[in-house]
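Please read the structure below before turning to the comments.
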Amino acid sequence: MAAFIGREKEISLLRGILAKPSASVMVYGKRKVGKTTLLMHALKESEDPTVYYECLKSTMKENVDGFAKALAAAKVIPVILPFASFTDVFAYLNTLGKTLNIVIDEYPYLKEIEKAEAVDSLFQSIIDNHLSNIRLFLSGSHIGMMKESLDEKNALYGRFTLTLRLGELSYREAAEFYPDKPVYEKIALWSVFGGSPFINGFIDPEKDLKSNIVSSVLNPYCPVFTYAEHLLISNYANPVNAERIMFAISNGSKKYGEIESMLGLKNNGLLSKQITSLLNMEILAKRFPINKANDKKKISYELCDNLLRFYYAFVYRNKSALQVLGAGAFYDEYIEKPLQTFIAHRFEELCREYFSMLIQSGKLRGITNVGTYWYDDPESRTNGEFDVVLQRRGAYDIYEVKYHSAPMPEKEVVAEAGKIEKIKGLTPGRIGFISASGFDERTGEYDYIDGNELYGG
């Protein structure tokens, strides 16, 4: 069995829950992000019995019966008893002279088969009246439905002792799946496979990037391919439209008008509703330059999942070619040349995450925001965006990011700094450079960060 990686903060919070005689916890996040693994790993530390039940896409009665079977299998009840409802089950468990950990996974399935409001109201009553000796963990992958349970108008509002939104592992945590790889390759693997523990479990650290892509993302028989192809099917009302939106964004159409134009959609508000739904599911994220937060024309959209971004950039529209050519030849024809640029863009996101981690750990102070910066220089008739920028009060620190396989030459450093310094109306606080493979030399004039520092303490 693979070692449990990361999640130190979440484990600490769950340990706090296990110190209580009763509690109610919500855990949510997209599929295969490690929710169940996290809960079961944390609950191993408990001396109290743990019962795990994954809800069925079936009737409420069949779910009640299934839950009773799980209780009997865990020897919490002597035999399978004919309970009429979840309320009856928890009322009975309250009569037992022992503390229990109860995990109900894929809770949204219950809300799909009954009225969602009624199900939330049912569990609100259970939490209020039948948890005297129970730590209840409700988990789910349908992010939209789980978030609804946290709304002020919802019956479950304010009922949870702890709410955990589980995201992907950080790039540093993901690198523990391939710890001996050089930094340059670690960046590439994270850029393609992202931070899902499930997905990273399919990476062979003894093989190179191409071999790992060929054996997983380009292999229709591998669960990695299935994950990318079918992630939306069960959680989205119109997965075809969602896939087209993701394809457009992955191939450079990141602004609303660009997406609308590429998909040939009329200006009728339909795209807006679909994008809002994908934002609520945390499949998409809205981006805007930190110096243009109120400029709607500068808003863009990004996929939150590196693997999905890779799949929709290279595989989605070319699956017939993949079938004809085979994975190896398909990689050579469709992926090899543009892959460097793809990774370079993801490296920029990794660098922004690096600064965020420094700020959150207290190692970097005085920063009010991290993001991108839009510039428009009418004198030179140039405009564009700096991709890694730290906002301070009254100034911006600008970092140029280079995904080079060799150290960045000092000549290139000076040239890039010169371009920044020539932009009219921009007075950077500090100019810095982040190079995956380091630098030929460093001077005191600029900030230098190499790949090893990104993965350091």
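The values are calculated or read from the model by the stated rules, or taken from the named source; none is laboratory data. Values in this document were obtained by computation on a predicted structure and should not be read as measured data. Cβ sites come from the backbone with ideal geometry, for glycine too, and all protein chains shown count toward neighbours.
Details
- Of residues in the stretch 402-434 being within 34 Å of the chain's Cα centre (by Cα) and among the basic types (Lys, Arg), the one nearest to GLN391 (Cα to Cα): ARG430
- Residue satisfying condition, being among the small types (Gly, Ala, Ser), under 30 Å from PHE310 (Cβ atoms) and either within 27 Å of the chain's Cα centre (by Cα) or at pLDDT below 95 (or both), within set SER437, SER380: SER437
- Residues (of a type in the set (A, V, I, L, M, F, W, C), under 24 Å from LEU350 (Cα atoms) and in contact with a Leu (Cβ under 9 Å, 6 or more places away or on another chain)) located in the stretch 141-181: LEU164, LEU166, ALA174, ALA175, PHE177
- Residue list for the stretch 356-371, restricted to those being touching a Phe, Trp or Tyr at 6+ places or on another chain (Cβ under 9 Å) and under 19 Å from ASN306 (Cα atoms): GLY371
- Selection status of GLY438, touching a residue at least 40 places away in the same chain (Cβ under 8 Å), on the phi > 0 side of the Ramachandran plot and small (Gly, Ala, Ser): no
- The sole residue among SER132, SER121, SER139, SER125 that is crowded, with 23+ Cβ neighbours inside 10 Å and in the same structural domain as ASP48 (by TED's automatic domain parsing) is SER139.
- Residue among ARG309, ARG244 that is part of a helix (DSSP H, G or I) and at pLDDT 90 or above: ARG309
- When ILE367, ILE335, ILE359 are checked against the criterion of being of a type outside the set (Phe, Trp, Tyr), out of contact with any Pro (no Cβ under 9 Å at 6 or more places or on another chain) and either in the same structural domain as GLY252 (by TED's automatic domain parsing) or not in a helix (DSSP H, G or I) (or both), ILE367 stands alone in meeting it.
- Matching residues, the stretch 406-457, being part of a strand (DSSP E or B), of a type outside the set (Ser, Thr, Tyr) and crowded, with 17+ Cβ neighbours inside 10 Å: MET408, PRO428, ILE431, GLY432, PHE433, ILE434, PHE439, ILE449, ASP450
- GLY257 vs. criteria assigned to a helix (DSSP H, G or I) and at pLDDT below 95: yes
- Members of the stretch 165-188 found to be crowded, with 21+ Cβ neighbours inside 10 Å, outside any loop (DSSP other than H, G, I, E, B) and of a type in the set (A, V, I, L, M, F, W, C), listed by number: ALA174, ALA175, PHE177, ILE187, ALA188
- Within the stretch 141-153, residues that are in contact (Cβ under 8 Å) with a residue 12 or more places away in the chain sit with their Cβ atoms under 6 Å from residues that are not in a loop (DSSP other than H, G, I, E, B), at 6+ positions apart or across chains, in these pairs: HIS142/PRO108; ILE143/TYR28; GLY144/ASN280; MET145/PRO108; MET145/LYS111; MET146/TYR28; MET146/GLY140; SER149/ASP120.
- Where helices (runs of 4 or more DSSP H) sit wholly within the stretch 7-106, those with at least 1 residues that are within 31 Å of the chain's Cα centre (by Cα) occupy 8-18, 35-43, 60-73.
- If the condition is being of a type outside the set (Gly, Ala, Ser), under 16 Å from LEU303 (Cα atoms) and free of Cβ contacts under 8 Å to residues at least 60 places away in the same chain, then the stretch 247-266 contributes LYS254, LYS255, TYR256, GLU258, ILE259.
- Cross-chain or 6+ apart pairs with Cβ under 9 Å, the stretch 267-290 first and at pLDDT 90 or above, then exposed (fewer than 15 other Cβ atoms within 10 Å of the Cβ) and part of a loop (DSSP other than H, G, I, E, B): PHE288/ASN294; PHE288/ASP295; PRO289/ASP295; ILE290/THR368
- When the stretch 24-65 is filtered for residues that are at positive phi and out of contact with any Gly (no Cβ under 9 Å at 6 or more places or on another chain), only LYS32 remains.
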